[in-house]
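To start, the structure under review is shown below, and the notes come after it.
Nothing in this text is a laboratory measurement; each read-out follows from the coordinates by a stated rule. Predicted, not measured: the structure shown is a model, and the values here were computed from it. Virtual Cβ from ideal backbone geometry, glycine too; neighbours counted across all protein chains shown.
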Amino acid sequence: MKALVTGGTGFIGSNVVRELLSEGHEVIATGALHEQNLAGLPVKILYTGMLGIDWEAVGDIDAIFHLGAISDTRVNDRDEMMRANVETTKALFEYAAAHGAKNIVYASSTAVYGNMPPPYREEGNVAPLNAYGESKVMQDEYAMRFAKDNQEIRVVGLRYCNVYGPGEAQKGKTSTMIYQFAQQMRKGNPKLFKHGEQKRDYLYVKDAVRANMLALKAKESCIVLCGSGKPTTFNDVVRILNETFGLSRTPEYIDNPYGDLYQSYTECDMSLAKEKLGFVPSFAIEKGIADYAKNGL
C-alpha cells in the first residue's frame, strides 16, 4: 500500500508513519522541520504547507491519513484555522478521489463537544468552545458529505480525546497534563487547577495508532470516538505518576484562568468504535503511563 500521511512529523502522525513502515508500506509524509526527526527512516517527507503539496511528486495513492492541522485551541485567528483545518481537508480529499485512494482516515477531536455533558456519543450535540473545535465540526460535516458523494471511498474520522505518549513533548504547553505533571514532578510539586477533580479521558498513542490501522478495514464510512472510555482525575494522574517514579509529590492547587472555556470533564462512549472498527483500547491509564515512562516520559 502507498500511503500519504499529513502531519507525519507530528505527535500522532510520526507514530503512524513508523507503524506503516513496520508493516512494509510505502509512505510519503508532510512535515515540519521543528517536529519529529524521521531521518534514517525510508519515508519521503515533503516539508511544505499542505496546500502547497507537489502532487506530481506524490502520484497515485491507496490511502490518506490526514493528521496535519492547527491543533492549538488557543489560536483565535478563525480564518487561519478554517484555512488550515477545513480548506486543506477539502483539497486533500479531492486529490484522493482523483488519484485512486480507497481509504481516508482523518483526525477529528472531542473539542467539538465543548462543555456538553459526558459521556460523549457520536450522535450527540456539539458545542465547540473555540475556533479549533468549530473547525473540526465543519471538517466532520464535509467529510461525511464527501463520503456520501464518493461511496467507493471509505472515510473514517477519529475523534481523539487527550492522546498521550512518546513524541508529545514537542507540543509544549498543548501537551497532555500527564506529560506536563510529569515534568513538574521531576523538579517539585505539580500545580493543579483547584481542586484537581477535573476528569480527562486519556488515550495512549499506541492505541491511537491501532485505531488508525483498524480504520483501514472499516466496512463503511463513519465518525467514531477515539478515547479510553475511562476518565481519570488530575489528582489520580499525580498519584499514578508518584507510584511510577517512586516519588511523593503533593499537588499545589491554583485558580483556573480559563473559566468556562476549559473542558473540565471529557469521557467517550466507545461502543460505536468497537462496532464499526473493532477497536477496544488495550492500555489502561496505569499501563499506558508505565509504558510511557520506559519510552521517554
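Working from Cα positions, state the angle (0 to 90°, nearest 10) between the long axis of helix 285-294 and the longest principal axis of the chain.
It is inclined by approximately 80 degrees.
Could you give each residue of the range 38-48 its phi-based ³J(HN,Hα) in whole Hz, using Karplus coefficients 6.51, -1.76, 1.60 with θ = phi - 60°, and x for Gly or Pro?
Residue by residue, the range 38-48 yields 9, 4, x, 8, x, 10, 8, 10, 9, 8, 8 Hz.
Where both partners of a DSSP beta bridge lie in the chain, what percent of those bridges are antiparallel, to the nearest 5? Write out the running numbers ahead of the final one.
Values: 3 of 37 bridges.
Rounded to the nearest five, the antiparallel share is 10 percent.
Any lysines with Cα under 21 Å of the residue 219 Cα? List them, leaving off those in the same chain fewer than 8 positions away.
Counting by Cα, and skipping residues close in sequence, residue 219 has these lysines nearby: 2, 102, 148, 274, 276.
Using modelled backbone amide H atoms (1.01 Å from N, in-plane), which distant-in-sequence or interchain residues come within less than 5 Å of residue 192's amide H?
252, 253, 254
Over all distinct alpha-carbon pairs, what is the Kirkwood Rh of the range 117-234 in angstrom?
Averaging 1/r across every pair of different Cα atoms and inverting gives 16.4 Å.
Where is the GNM fluctuation largest for the chain (alpha-carbon springs, 10 angstrom cutoff): 68, 278, 13?
Its mean-square fluctuation being the largest, the pick is 278.
Compute log10 of I(q)/I(0) for the range 131-200 with the Debye formula, placing one identical point scatterer on every Cα and leaving out solvent, at q = 0.12, 0.22, 0.23 Å⁻¹, to two decimals.
Each listed q corresponds, in turn, to -0.54, -1.02, -1.07.
Cut-off is 10 Å between beta-carbons; in what order do 175, 14, 108 appear when sorted fewest neighbours first?
Values: 175 17, 14 26, 108 23.
With the fewest neighbours first, 175, 14, 108 line up as 175, 108, 14.
Which whole-number percentage describes the relative contact order of the chain, with Cα contacts under 8 Å and a sequence gap of 6 or more?
Numbers: 579 pairs, mean separation 52.3, N = 297.
18 percent.
Please get the size of the charge dipole for the range 1-94, origin at its Cα centre, with Cβ charges of +1 on Lys and Arg and -1 on Asp and Glu, quoted in debye to the nearest 20. Kindly include the intermediate steps, with their values, before the conclusion.
Working: 7 positive and 14 negative charges, 41 e Å.
It comes to approximately 200 debye.
Check which residues have an amide H placed less than 5 Å from residue 32's amide H, if you skip close sequence neighbours.
Those lying under 5 Å, H to H, from residue 32 are 9.
Exposure proxy check: 66, 34 ranked by fewest other beta carbons within 10 Å? Provide the component values of the computation, followed by the final result.
Numbers: 66 27, 34 8.
Fewest to most other Cβ atoms nearby, the residues stand as 34, 66.
Work through the residues other than residue 219 whose Cβ is under 11 Å from its Cβ and net out their charges, Lys, Arg +1 and Asp, Glu -1.
On the way: positive: 154, 217, 276; negative: 220, 275.
Taking every Cβ under 11 Å from that of residue 219, the sum is +1.
Just to confirm my numbers, what's the Cα centroid distance between the range 27-92 and the range 253-283 in Å?
About 25 Å separates the Cα centre of the range 27-92 from the one of the range 253-283.
Quick check: Cα centre of the range 203-238 to Cα centre of the range 140-183, how many Å?
So the two Cα centres are separated by 9 Å.
Would you list which lysines come within 16 Å of residue 199, measuring only between C-alpha atoms, while excluding same-chain residues fewer than 8 positions from it?
191, 230
Rank the residues 261, 158, 129 as a footprinting-exposure proxy: fewest other Cβ atoms within 10 Å of their Cβ go first.
Numbers: 261 13, 158 29, 129 18.
Neighbour counts put them in this order, fewest first: 261, 129, 158.
Amide H of residue 109 versus every other amide H placed in the peptide plane: which residues, excluding those fewer than 5 positions away on the same chain, fall under 5 Å?
Here the answer is 160, since their amide H atoms fall under 5 Å of that of residue 109.
Among (1) 23.1; (2) 15.3; (3) 14.6, only one was calculated for this model; which label is it, if the read-out is mean projected area of the Cα convex hull in nm²?
From the options (1) 23.1; (2) 15.3; (3) 14.6, the structure gives (3).
Through the Karplus equation 6.51 cos²θ - 1.76 cosθ + 1.60, θ set to phi - 60°, convert the phi angles of the range 204-214 into ³J(HN,Hα) values in whole Hz; use x for Gly and Pro.
6, 4, 5, 5, 4, 5, 5, 4, 4, 5, 5
Need one number: the % of Cα-Cα pairs in the range 121-171 sitting beyond the 11 Å mark.
Numbers: 986 of 1275 pairs.
Tail of P(r) above 11 Å: 77 percent of Cα pairs.
Principal axis lengths of the range 1-136 from Cα atoms, whole Å, largest first?
In descending order, the Cα extents are 44, 29, 27 Å.
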